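Chemist: The following block contains the structure, expressed as structure tokens.
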Amino acid sequence: MILKVNARLEKKQHLELKIMIFISPKSTYTINSVLTLEELQYQSTLVELLQYRAIHQSEKKAYTFLKNGESELITLTYGELDLEARKIAAKLQSLNMVGERALLLYNPGIEFISAFFGCLYAGVIGVPLYPPKRNQNLSRIQSIINNCSAKLALTTQDISETVEKHFDNTPELAKLQWLTTDNDRGSLELTWEKPEITSDSLAFLQYTSGSTGNPKGVMVTHGNLLHNEQMVEVAFGHTKQTIFVGWLPLFHDMGLIGNVLQPLHLGIPCILMSPVDFLQKPYRWLQAISQYRATTSGGPNFAYDLCIHKVTPEQMETLDLTSWEVAFTGAEPIRAETLEKFTEKFAACGFRKEVFYPCYGMAEATLFISGGLKSQAPVFQTIEEQALEENQVICASVEQPETRTLVGCGREWLEQKILIVNPQSLRECEPNTVGEIWVSGGSIAKGYWEQQQKTEETFNAYVADTQEGPFLRTGDLGFLGEDGELFVTGRLKDVIIVRGRNHYPQDIELTLEQNCRELISHRSAAFTINLDGQEKLVVVAEVERRYHDRRQKSSAVPLAEEKRKLRDRRDQYSIDHGFTLELSEQPVFEVIVNKIKQAVAAHHGLQVYRVLLLRVGTIPKTSSGKIQRHACRRGSIEGTLNVVYDSNT
């Protein structure tokens, strides 16, 4: 990709930027952006950027938070946010916390945003985390506190009182200094001193989801954030007229960097709601887009699935989605079927297929890595499954059997570069070959906090034969289409290898959902265990609660006893032909297991060694909702999963 920027000075101290991006020899894209010279000057840190907004857009609404996802609870202007940030920062500076790490433990809301900027204003390195619940396992928070050597925690009075109940069993929390930011702090803002920070200074630590291991603290700088925000602006086609609506968790990179910092970068409003309010009633998300005439909003694939299944025809009659210009989707595998069904269902509300914006990113690259053109519909590519198992890409038609349709995640933007590299030889892959996705550019973070070896392995990769680098090794597998479109096929560490062939766990999990209605959507995991030198496939999945009830009502004896009696009756029938066998209905869990085994065998040619059916809400997940396959594997071996039925017992 080649980037050309032509700039000329216009009247009223405005700089007109015409950016011509050559995606390929046959494809160009032109973006016009008008920025003031003052705005360009305030692009070195987020502190300077917010101060600029507070001076020039003091009364403009920055963030609005919806109560129950519906009515306006509280709004915050740029001037008010600047004032709150200075108050919190002054308190932090009085405690000599400059340069220290501070946990940010908040429920979704305005308080988190104020505290986040308070840390930036104080030169304190914030660590956004979800606040612990009353009966929650605190191992993740404990490991993060130990890793970053946090000395302080910022939160609200209510959360502080809840957390205090964990102090006896969690000394890591007890030793922290606690600061509640929803109390009146007087006129401390007058004592605030602007921190000595630059674009290379750490802004905060974004801890990874831990989907393939323990969470690691990604060191994100002010420069990383501003570069990524510029990429998102250009790639998404944002303007001063853009309006955001978001429900994503603010402690997660997509919610924080996408829904909070992008509006600040543009100087535009953002309407927010709690993720819980969305999950309880997905209609609220679409209702807010309709009511506020939002142009940009999005989330993972499961969010669109929820709307497909939960939004009623009566609710649809109240929706007008014609203002929606960018419906971004990422953070988990993007399913072509979901995009098609959502478009089909909400076309009557004014939604267009071209609005969908599949994209790819990760915390180690700040957030955004690749995305398509705002004006184009998503790119689909159907390939042969058998070839994919051998890391080859052979195009096929949708009508062909044993194929897989992938959704393109766009292309590289600005000066960022994407390579597909063989993870073993570290040489760039030939065309039509699946390899590891490597990325370089201004958004790549500085590394992992206090983990030098992992930083070296992940952030400082060089191509073996050309010595080109350094690159970020994403750990994701994929390939580039002829026009530079990126297709992500799976996680390198999650790939299931049986008899020398690659199988992607997300494909097996999708097969389960499509063929076993008794399972909860997006709540299953497929992985292998080594048994006597052979890789055996194991499946764990949450089963709908109503089937628990059926199991309990239909069986008055323990399941093991029920199985024994069934075997005895079959044995009696085999030796006494005068015996009349009257079998009761097969136990419901056995039916589910048989469905799972038959579906996996039919669609993937694999034998499932073991099936573990779990109670609702107990499958190991990351803080951002991703299934932790490695934790599922460990739990199946150690016997720590909340199992309602084990096919091997």
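Chemist: Applying 1/(1 + (r/R0)^6) with R0 = 51 Å to the Cβ-Cβ distance of Ser94 and Glu456, what FRET efficiency is obtained, to the nearest 0.05?
Modeler: 0.85
Chemist: Give me D for the range 126-266 in µm² s⁻¹, whole number, from Stokes-Einstein with Rh from the Kirkwood sum over alpha-carbon pairs, 10 °C and 1.306 mPa s.
Modeler: After rounding, the answer is 91 µm²/s.
Chemist: Tell me the GluC sites (Glu not before Pro) within the range 426-521 that lie in a loop according to DSSP and have at most 16 other beta-carbon atoms within 10 Å.
Modeler: Glu450, Glu468, Glu482
Chemist: Tally Lys and Arg at +1 and Asp and Glu at -1 over the other residues with C-beta under 15 Å from the C-beta of Ala174: what net charge comes out?
Modeler: Cβ neighbours under 15 Å give a net charge of -1.
Chemist: Obtain the nm distance between the two label points defined at Ser58 and Leu73 by a simple spin-label model: each point lies 7 Å from its Cα along the Cα-to-C-beta direction.
Modeler: The answer from the label model is 2.9 nm.
Chemist: Any idea what the dipole of the range 363-506 comes to, in debye rounded to 20, about its Cα centre with Lys/Arg Cβ at +1 and Asp/Glu Cβ at -1?
Modeler: Charge dipole of the range 363-506: 380 debye, to the nearest 20.
Chemist: Now for a separate question. Within 10 Å of each residue's Cβ, count the other Cβ atoms and sort Ile268, Ile55, Ile437 from fewest upward.
Modeler: By the 10 Å Cβ count, ascending: Ile55, Ile268, Ile437.
Chemist: Using 7 Å Cα-to-Cβ label points, what is the Arg352/Asn183 separation (nm, one decimal)?
Modeler: Output for this residue pair reads 5.4 nm.
Chemist: Which stretch or stretches of the range 296-318 have amide N atoms under 17 Å from the point lying 7 Å from Glu340's Cα along the Cα→Cβ direction?
Modeler: Under cut-off, by backbone N: 305, 308-309.
Chemist: How about the range 430-503: which trypsin sites (Lys or Arg not before Pro) there lie in a loop by DSSP and see at most 10 other Cβ atoms within 10 Å?
Modeler: Within the range 430-503, the qualifying trypsin sites (Lys or Arg not before Pro) (loop, at most 10 other Cβ atoms within 10 Å) are Arg499.
Chemist: Let me ask something additional. Starting from the Cα gyration tensor of the range 352-479, multiply each eigenvalue by 5, take the square root, and state the resulting semi-axes largest first in whole Å.
Modeler: 28, 20, 12
Chemist: If I take R0 = 35 Å and measure r between the Cβ atoms of Glu590 and Lys310 in this structure, what FRET efficiency does the formula 1/(1 + (r/R0)^6) give, to the nearest 0.05?
Modeler: Rounded to the nearest 0.05, the efficiency is 0.70.
Chemist: I've got another one for you. May I ask for the net charge around Pro269, where only other residues with Cβ less than 10 Å from the Cβ of Pro269 are counted and Lys, Arg are +1 while Asp, Glu are -1?
Modeler: In short, +2.
Chemist: Using the count of nearby Cβ atoms within 10 Å as a rough guide to exposure, how do Val245, Val434, Val608, Val643 rank from fewest to most?
Modeler: With the fewest neighbours first, Val245, Val434, Val608, Val643 line up as Val643, Val608, Val434, Val245.
Chemist: Hey, another quick one. What's the FRET efficiency of Lys133 with Thr318 using the Cβ-Cβ distance as r and R₀ = 51 Å, to the nearest 0.05?
Modeler: 0.90
Chemist: Using only the Cα atoms of the range 196-280, build the gyration tensor, take square roots of its eigenvalues as a ≥ b ≥ c, and label the shape rounded, prolate or oblate: rounded if a/c is under 1.5, else prolate if a/b is larger than b/c, else oblate.
Modeler: It comes out oblate by the Cα gyration axes.
Chemist: Then there is this: Sum up the charges of everything whose Cβ sits under 13 Å from the Cβ of Asn422, counting Lys and Arg as +1 and Asp and Glu as -1, but leave Asn422 out.
Modeler: Within the 13 Å Cβ shell, the charges total -2.
Chemist: I would also like to ask the following. So which GluC sites (Glu not before Pro) in the range 37-96 are both in a DSSP loop and have at most 10 other Cβ atoms within 10 Å of their Cβ?
Modeler: In loop regions of the range 37-96 (DSSP not H, G, I, E or B), the sparsely surrounded GluC sites (Glu not before Pro) are Glu59.
Chemist: Over all alpha-carbon pairs of the range 91-180, lay out the pair-distance distribution in 5 Å bins, whole %, shortest bin first.
Modeler: Histogram of Cα-Cα distances, whole percents per bin: 3, 14, 28, 27, 19, 8, 1.
Values quoted throughout were computed directly from the atomic coordinates according to the rules given, and no laboratory measurement underlies them. From a predicted model like this one, the values you see are computed outputs, not experimental measurements. Positions of Cβ are backbone-derived with ideal geometry, glycine not excepted, and every protein chain shown enters the neighbour counts.
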